[in-house]
1. Using C-alpha positions alone, give me the convex hull volume of region 254-309 per residue in cubic angstrom.
2. Work out the length of the dipole vector of region 152-204 about its Cα centre, built from +1 on the beta-carbon of each Lys and Arg and -1 on the beta-carbon of each Asp and Glu, and round it to the nearest 20 debye.
3. Once amide H atoms are placed 1.01 Å from N in the peptide plane, what residues at a sequence separation of 5 or more from Glu247, or on another chain, have their amide H within under 5 Å of its amide H?
4. To one decimal place, what orientation-averaged projected area in nm² is obtained for the convex hull of the Cα set of region 91-303?
5. What is the fewest-to-most order of Phe231, Phe279, Phe120 by other Cβ atoms lying within 10 Å of their Cβ?
6. Tell me, Kirkwood radius of region 102-223 from alpha-carbon pair distances, in Å?
7. In nm, give the distance between the simple-model label positions of Lys125 and Phe306, each being 7 Å from the Cα along the Cα-to-Cβ direction.
Amino acid sequence: MRWKGRRTSRNIEDRRGASSGAFAGMGGAGRGGLLRLLPLLLRFLGVKGTIVVVLGLVAYSFYTGGDLPGLSGVSTGTVPAGGGSAATGTAVQESAREQETSRFVAVVLADTEEAWQSLFAAQGKRYQEPKLVLYRNAVRSGCGMGQAAMGPFYCPADRKVYLDLGFFDELRERHGAPGDFAQAYVIAHEIGHHVQTLLGISARVQKQQRGLGKVEANRLSVQQELQADCFAGIWANNADRSRQLLEAGDIEEGLTAASAIGDDRLQREAGGYVRPETFTHGSSAQRVRWFRTGLEKGSLEACDTFAAQ
């Protein structure tokens with residue numbers, strides 16, 4: 001990808017230097033503070049009293065979504081990628097490679113903003129830019145606690161994309177999908193979910209899923225995920241046609257990434273049986289098909305996965 005020297009987005013929220021909240025990832029500031037207090041609690045309250053206090057604090061954290069009171073405090077802000085920590089204002093400790101990757105993410109996000117602004121404007125609509133949160137290990141979102149093991153995700157409640165940069169290492173090493181455009185495809189897919197939120201698609205899917213059985217609800221989830229793949233293809237089409245962002249080999253990288261994270265392939269790699277009724281994102285072939293459809297057609301109308309067989 002021809003990404004170096006291009007504009008970076010200001011919609012990066014860097015939480016890599018922040019506490020991930022109470023007990024998040026079993027290593028947050030809340031857990032550490034509580035462990036330091038345990039000897040005192042045991043001394044003055046005894047075992048039973050300490051258990052009551054700990055359970056009460058955990059319940060508080062769970063129901064309020066806050067940190068354990070008095071043990072950790074997290075505030076966030078918007079900072080450029082590779083800049084200061086949103087929580088402390090101090091520099092994020094990162095390697096040169098991670099610094100380059102965070103800048104790459106900010107460039108890709110900026111390009112999705114440009115693409116979707118023009119696509120929405122063509123339909124007489126205004127595109128509302130999402131935030132992208134960089135984090136490590138665990139993070140609190142408007143949709144609950146997120147873990148790096150979940151992979152990148154979009155939360156419609158706060159309209160933010162959440163990304164642990166370590167996922168790109170996993171994409172390359174575990175799933176065999178290297179390359180900067182493979183990473184860009186992942187980001188563009190999550191932005192595709194934001195587009196679905198703005199267009200009211202996500203809300204309609206959620207409404208339709210209520211009262212359905214698991215198999216039927218999964219089928220709607222697959223259709224929604226495949227549409228996000230198609231929307232990622234629309235972005236790639238616009239980026240190549242309008243800004244010549246793509247280089248030789250980029251499309252193959254994107255298609256490889258789409259295939260690598262198909263439900264059937266992931267189930268095989270996990271050593272289990274392929275069970276289509278449990279799919280939530282679509283098979284490798286489906287993901288490749290819909291990413292390619294968006295890439296070739298470049299239009300929202302071509303991405304109606306809900307009407308397709």
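1. On the way: hull volume 4.3 nm³, N = 56.
Per residue, the Cα convex hull of region 254-309 comes to 76 Å³.
2. On the way: 5 positive and 7 negative charges, 60 e Å.
Result for region 152-204 is approximately 280 debye, rounded to the nearest 20.
3. Under 5 Å from the amide H of Glu247 lie the amide H atoms of Arg2, each far enough along the sequence or on another chain.
4. On the way: hull surface 48.9 nm².
The Cα convex hull of region 91-303, projected and averaged over all directions, gives 12.2 nm².
5. Working: Phe231 28, Phe279 21, Phe120 17.
Neighbour counts put them in this order, fewest first: Phe120, Phe279, Phe231.
6. Numbers: mean 1/r = 0.0639 Å⁻¹.
The Cα-based Kirkwood calculation yields 15.7 Å.
7. According to this spin-label approximation, the distance is 1.2 nm.
No value in this document is a laboratory result; all are computed from the given coordinates. What you see is a predicted model; the values in this text were computed from it and never measured. Counting neighbours? That spans all protein chains shown, and the Cβs are built from the backbone with ideal geometry, glycine included.
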